[in-house]
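Following: one structure in structure tokens, then a few remarks.
The values are calculated or read from the model by the stated rules, or taken from the named source; none is laboratory data. Nothing here was measured: the structure is a model prediction, and the numbers come from that model. Please note: Cβ atoms are built from the backbone with ideal geometry, for glycine as well, and neighbour counts cover all protein chains shown.
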Amino acid sequence: MEKTHILSILVENESGVLTRVAGLFSARGFNIDSICVAKTLDKNESKMIIATSGDAQILEQITKQLNRLVNVIKVQELNDEDSVVRQTVLIKINADETTKSDIFRIKDIFGGRVIDVARNYYTLEFTGSERKIESLIDILRPLGIKDIVKTGIVALQRVKKG
Amino acid sequence: MNHNSKKNLMTGSKIIIESLIKEGVDTIFGYPGGAVLNIYDELLNYKDKINHVLVRHEQGAAHAADGYARASGKVGVVLVTSGPGATNTITGIATANMDSVPMVILTGQVPTNLIGNDAFQEADTVGITRPCTKHNYLVKDIKDLAKTIKEAFYIASTGRPGPVLIDIPKDITSSVYEFDYPENVELRGYSPTYFGHHVQIFKLAAEILKAKKPLLYTGGGVISSNASNELRELAELLDLPVTSTLMGLGGFPSEHPLFFGMLGMHGSYAANMAISNADFIVAIGARFDDRVTGKVEEFGKNAKFAHIDIDPSSIGKNVKIEIPVVGDVKSVLSSLLEVLSGKSEEISSVKYERLGWLEEINAWKYEHPLNYKMGDVIKPQYVIEKIYEITNGDAIISTEVGQSQMWTAQFYRFKNPRTLLTSGGLGTMGFGFPAAIGAQIAHPGKTVFDIAGDGSIQMNIQELATAVQYNLPVKIAIINNNFLGMIRQWQELFYHKRYSFSEMNVNPDFVKLAEAYGAVGLRAKHPDEVVPVIEKAMSVKRPVIMDFVVDKEEGVYPMVAPGAPITGMLLV
Ligand SMILES: Cc1ncc(C[n+]2csc(CCOP(=O)(O)OP(=O)(O)O)c2C)c(N)n1
Ligand SMILES: [Mg+2]
């Protein structure tokens with residue numbers, strides 16, 4: 001079964017690591033849906049969060065192959081239940097007299113912010129789960145979205161309760 | 001660091017060579033060019049410590065270092081220039097990577113300030129070789145040079161071995177830094193599991209005793225971990241039948257009564273039948289390649305599987321494994337033997353109960369042994385059988401790729417590990433001859449043969465000059481069928497005999513070719529001439545080409561059609 005998987009990959013912060021990791025996916029015809037990389041607290045290491053979809057067996061193979069890379073320190077699969085998963089989106093939207101109030105109302109409902117205001121456009125920022133972002137986009141689309149950019153998924157394992 | 005180390009200032013070139021010496025390197029296969037001239041200049045000062053073998057093509061250097069490594073167990077070292085020098089080694093690196101051979105490849109690079117400029121003889125060597133090396137490096141600072149070399153040798157030779165490439169810009173080879181070779185490596189993301197988990201080993205021991213029809217399926221991992229003795233002990237302790245992949249041949253003596261030959265596409269009838277009828281298969285340092293399994297859903301369809309391998313990513317890749325054991329084959333087998341050593345009573349009773357299983361496999365062996373029909377023309381199999389008899393199974397045999405390779409696997413009865421050097425994973429024509437050169441350099445006293453096809457030998461024939469220059473008495477036996485024979489065989493069987501571009505209409509006169517290079521050329525056209533030609537070749541202490549003019553349309557059998565179950569063998 002095709003399913004979205006989130007991999008959290010701790011790597012050494014060296015040039016070429018991103019290519020090595022991405023190369024493993026492409027060499028197996030595996031699509032990367034999104035990828036986020038940044039340094040951790042330790043400047044010698046980076047954390048990559050990769051969202052991908054495919055069957056579980058191929059994913060296991062990819063996880064093992066990732067572990068084989070010399071610069072990969074740790075690979076972990078995160079799932080929705082015991083991790084927090086977020087994504088941020090920036091949306092540039094047509095804001096004229098007829099739409100402004102709608103935009104404000106929707107932004108408030110979704111807990112977003114207006115971060116830039118121009119003559120006929122607003123830029124909104126919103127952070128949330130992938131599903132929420134999709135529904136936000138669906139609601140805003142009729143108002144005239146001019147441009148949109150998403151950060152890709154970031155995720156962190158929850159502290160175990162009890 | 002301290003005052004003493006200040007005295008140890010060296011150029012990058014000298015640091016490279018001193019580091020190699022620290023790693024115990026005494027042989028390098030290489031070819032000079034602009035980006036490595038500093039290193040070459042320094043090499044001249046080390047003539048007594050490092051034997052640099054000048055090949056005639058960088059691909060030859062990579063295969064020779066590979067053959068050297070396979071035959072000796074040491075790390076093979078290559079030195080080539082940037083751009084075309086580096087790209088010429090790619091086939092050799094990919095070949096070593098697929099067969100897990102430890103190598104370190106040093107490539108020159110344009111000076112750091114020109115990288116990315118499309119400078120003269122610039123290639124993105126690290127980018128190009130990333131998918132076909134175990135790991136690779138671009139040295140950007142001379143401070144990292146010695147450390148990088150240390151890491152490269154460590155990574156190449158530990159865990160599942162493989163080629164590691166170091167790309168070194170020219171300015172680094174001329175700048176100066178203190179030489180302080182690190183004692184240890186620190187690699188946070190790399191720590192191969194050497195010892196098998198004891199719970200898994202206990203499970204494996206229990207299952208081996210419980211099985212009614214157990215079988216060992218052994219691969220190249222037995223050879224790279226030097227585990228032949230342990231394998232033999234295990235097989236003999238429990239009377240376990242053994243079948244091997246192409247890469248595993250020599251890991252268990254072929255003449256042993258428990259050995260039933262190679263399995264897979266051109267495997268023996270007995271081996272393939274045993275796989276299909278076994279109830280417990282222990283894969284040891286093997287990786288379930290498609291040429292071995294045939295239709296994978298039917299491979300070992302009546303069996304449970306255990307798999308011992310140092311590379312976790314090999315386990316469970318193609319076949320579901322009930323008992324995975326991650327670890328070095330030698331270490332895992334020793335632990336397994338220890339666990340079994342306390343169970344001698346149980347062992348003698350299970351051995352007795354399983355006699356029927358061995359009889360069953362032996363019956364398959366006698367039903368369809370490997371064979372061929374003699375005639376007026378030379379049969380390729382006959383040539384290989386005679387090479388086996390005359391060398392007493394003690395030669396190091398490298399192969400090219402194609403029918404001649406498969407006949408070698410079938411008809412040369414390998415006794416010892418590291419005596420078959422063959423490109424199993426990538427299937428590289430042109431591998432055998434330079435690999436034989438490397439093996440001969442590693443073992444000057446041994447007889448080394450390259451069993452070649454007329455097509456393959458022409459892919460690296462230029463290395464004949466290398467063999468002559470260094471006085472290497474490598475014997476090339478060309479199984480000359482005037483065809484890309486393996487291609488012809490597939491076209492015969494699967495394309496209605498439409499021989500599309502597989503005939504080698506024009507071949508050189510191999511005898512004259514040998515002579516032109518200053519080697520010895522011999523030819524056999526009739527079966528009676530085969531033995532005298534081999535004996536003559538053995539008696540000369542120079543490189544020899546033997547041109548065996550063989551039956552053009554002989555086939556390799558048994559054969560399993562690609563994708564068919566391995567019991568579906570076409571027999572002779
Ligand atoms: C570099 C390379 N190119 C192409 C092939 C495909 N191929 C496999 S076997 C073979 C024929 C080899 O012919 P020859 O060396 O004469 O050996 P024979 O099969 O006749 O014994 C070819 C072309 C290959 N394995 N390697
Ligand atoms: Mg041929």
| Going through the stretch B:97-134 one residue at a time, which ones are out of contact with any Pro (no Cβ under 9 Å at 6 or more places or on another chain) and within 14 Å of another protein chain (Cβ to nearest Cβ)? | B:MET98, B:GLY116, B:ASP124, B:THR125, B:VAL126, B:GLY127, B:ILE128, B:ARG130, B:PRO131
| query | Of the residues B:LYS373, B:LYS365, B:LYS386, which single one is farther than 21 Å from B:ALA278 by Cα and surrounded by 11 or more Cβ atoms within 10 Å (Cβ to Cβ)? | reply | B:LYS386
| Looking at (1) more than 12 Å from every other protein chain (Cβ to nearest Cβ); (2) outside any helix (DSSP H, G or I), which is the only condition A:LEU59 fails? | (2)
| remark: Here the residues within the stretch B:321-345 that are at pLDDT 95 or above and either more than 16 Å from B:ALA283 (Cβ to Cβ) or within 14 Å of another protein chain (Cβ to nearest Cβ) (or both) are B:ILE321, B:PRO324, B:VAL326, B:SER331, B:SER334, B:SER335, B:LEU337, B:GLU338, B:VAL339, B:LEU340
| query | List, please: which pairs have Cβ atoms under 7 Å, are six or more places apart or on different chains, and start with a residue in the stretch B:287-300 that is without any contact (Cβ under 8 Å) to a residue 24 or more places away in the chain and end with one that is of a type in the set (Val, Ile, Thr) and in a loop (DSSP other than H, G, I, E, B)? | reply | B:VAL296/B:VAL319
| message | Name the residue that is nearest to the other protein chains (Cβ to nearest Cβ), counting only residues in the stretch B:305-320 that are out of contact with any helix residue (DSSP H, G or I) (no Cβ under 7 Å at 6 or more places or on another chain) and farther than 23 Å from B:TYR190 by Cα. | response | B:LYS320
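With the requirement that a residue be within 16 Å of ligand 2 (Cβ to nearest atom) and within 22 Å of B:GLU535 (Cβ to Cβ), what does the stretch B:433-463 give you?
First, the residues of the stretch B:433-463 that are within 16 Å of ligand 2 (Cβ to nearest atom): B:433, B:450-461.
Within the stretch B:433-463, B:PHE433, B:ASP450, B:ILE451, B:ALA452, B:ILE457 qualify.
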| request: Within the stretch B:398-412, identify whether any single residue is away from every other protein chain (no Cβ under 14 Å), away from ligand 2 (no atom under 16 Å from the Cβ) and either of a type in the set (Asp, Glu) or assigned to a loop (DSSP other than H, G, I, E, B) (or both), and answer yes or no. | output: yes
| remark: Exactly one of B:GLY248, B:GLY261 is part of a strand (DSSP E or B), touching a Phe, Trp or Tyr at 6+ places or on another chain (Cβ under 9 Å) and among the small types (Gly, Ala, Ser), and that residue is B:GLY261
| field | Odd one out for A:CYS36 among (1) within 14 Å of chain B (Cβ to nearest Cβ); (2) modelled with pLDDT of 95 or more | value | (1)
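Kindly indicate which of A:GLU2, A:GLU97, A:GLU14 is away from chain B (no Cβ under 14 Å), more than 30 Å from A:VAL117 (Cβ to Cβ) and modelled with pLDDT under 95. Working first, answer last.
Details: A:GLU97 fails: more than 30 Å from A:VAL117 (Cβ to Cβ); A:GLU14 fails: away from chain B (no Cβ under 14 Å).
After ruling out the rest, the residue left standing is A:GLU2.
Can you tell me which residues in the stretch B:193-226 are surrounded by fewer than 15 Cβ atoms within 10 Å (Cβ to Cβ) and assigned to a loop (DSSP other than H, G, I, E, B)? Full working, then the answer.
Applying the first criterion (surrounded by fewer than 15 Cβ atoms within 10 Å (Cβ to Cβ)) to the stretch B:193-226 yields B:195, B:198-199, B:202, B:206, B:210, B:212.
Within the stretch B:193-226, B:PHE195, B:LYS212 meet the criteria.
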| query | Which ones in the stretch B:132-178 are under 26 Å from the mean Cα position of the chain (by Cα) and basic (Lys, Arg)? | reply | B:LYS134, B:LYS150, B:ARG160
| message | Exactly one condition in (1) farther than 20 Å from B:VAL319 by Cβ; (2) of a type in the set (Asp, Glu); (3) within 14 Å of chain B (Cβ to nearest Cβ) is false for A:ASP80; which is it? | response | (3)
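Okay, residues lined up against (1) more than 19 Å from B:LEU54 (Cα to Cα); (2) assigned to a loop (DSSP other than H, G, I, E, B):
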position: B:ALA439; (1), (2): no, no
position: B:VAL468; (1), (2): no, no
position: B:PRO473; (1), (2): no, yes
position: B:MET486; (1), (2): yes, no
position: B:PHE501; (1), (2): yes, yes
position: B:LYS512; (1), (2): yes, no
position: B:LEU522; (1), (2): yes, no
| task | For the stretch B:298-315, enumerate the residues that are in a helix (DSSP H, G or I) and out of contact with any strand residue (DSSP E or B) (no Cβ under 7 Å at 6 or more places or on another chain). | result | B:SER313, B:SER314
| request: Answer yes or no: is there a residue in the stretch A:24-32 that is surrounded by 19 or more Cβ atoms within 10 Å (Cβ to Cβ), in contact with a strand residue (DSSP E or B) (Cβ under 8 Å, 6 or more places away or on another chain) and in a helix (DSSP H, G or I). | output: yes
| request: Within the stretch B:124-143, track down each residue that is in contact with a helix residue (DSSP H, G or I) (Cβ under 9 Å, 6 or more places away or on another chain) and surrounded by fewer than 20 Cβ atoms within 10 Å (Cβ to Cβ). | output: B:GLY127, B:ILE128, B:ARG130, B:PRO131, B:LYS140, B:ASP141
| note | Scanning the stretch A:106-116 for residues that are without any contact (Cβ under 8 Å) to a residue 12 or more places away in the chain and of a type outside the set (D, E, K, R), the one farthest from A:THR88 (Cα to Cα) turns out to be A:ILE109
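Look at B:GLU492 and say whether it is more than 13 Å from ligand 2 (Cβ to nearest atom), over 17 Å from the mean Cα position of the chain (by Cα) and under 18 Å from B:MET103 (Cβ atoms).
The answer is no for B:GLU492.
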| Considering only residues of the stretch B:486-505 that are more than 13 Å from ligand 1 (Cβ to nearest atom) and free of Cβ contacts under 8 Å to residues at least 40 places away in the same chain, which is surrounded by the fewest Cβ atoms within 10 Å (Cβ to Cβ)? | B:HIS496
| Output for the stretch B:445-466, where each listed residue is more than 8 Å from ligand 1 (Cβ to nearest atom), assigned to a strand (DSSP E or B) and of a type outside the set (Val, Ile, Thr) | B:PHE449, B:ASP450
| remark: Subset of the stretch B:474-489, residues more than 8 Å from ligand 2 (Cβ to nearest atom) and touching a Pro at 6+ places or on another chain (Cβ under 6 Å), comes to B:VAL474
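Is at least one residue of the stretch A:18-27 away from chain B (no Cβ under 14 Å) and either touching a residue at least 40 places away in the same chain (Cβ under 8 Å) or over 23 Å from B:THR148 (Cα atoms) (or both)?
For the stretch A:18-27, residues away from chain B (no Cβ under 14 Å) and either touching a residue at least 40 places away in the same chain (Cβ under 8 Å) or over 23 Å from B:THR148 (Cα atoms) (or both): absent.
Sort through B:ILE172, B:ILE166 and tell me the only one that's closer than 20 Å to B:ILE16 by Cβ, outside any loop (DSSP other than H, G, I, E, B), touching a Ser or Thr at 6+ places or on another chain (Cβ under 9 Å) and away from every other protein chain (no Cβ under 14 Å).
Working: B:ILE166 fails: away from every other protein chain (no Cβ under 14 Å).
Testing whether each residue is closer than 20 Å to B:ILE16 by Cβ, outside any loop (DSSP other than H, G, I, E, B), touching a Ser or Thr at 6+ places or on another chain (Cβ under 9 Å) and away from every other protein chain (no Cβ under 14 Å) leaves just B:ILE172.
Only one residue in A:ARG105, A:ARG86 is part of a strand (DSSP E or B) and among the charged types (D, E, K, R). Which one?
Going through A:ARG105, A:ARG86 in turn, the sole match is A:ARG86.
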| field | The lone exception for B:ILE437 - which of (1) away from ligand 1 (no atom under 15 Å from the Cβ); (2) over 16 Å from B:GLY60 (Cβ atoms) it fails | value | (2)
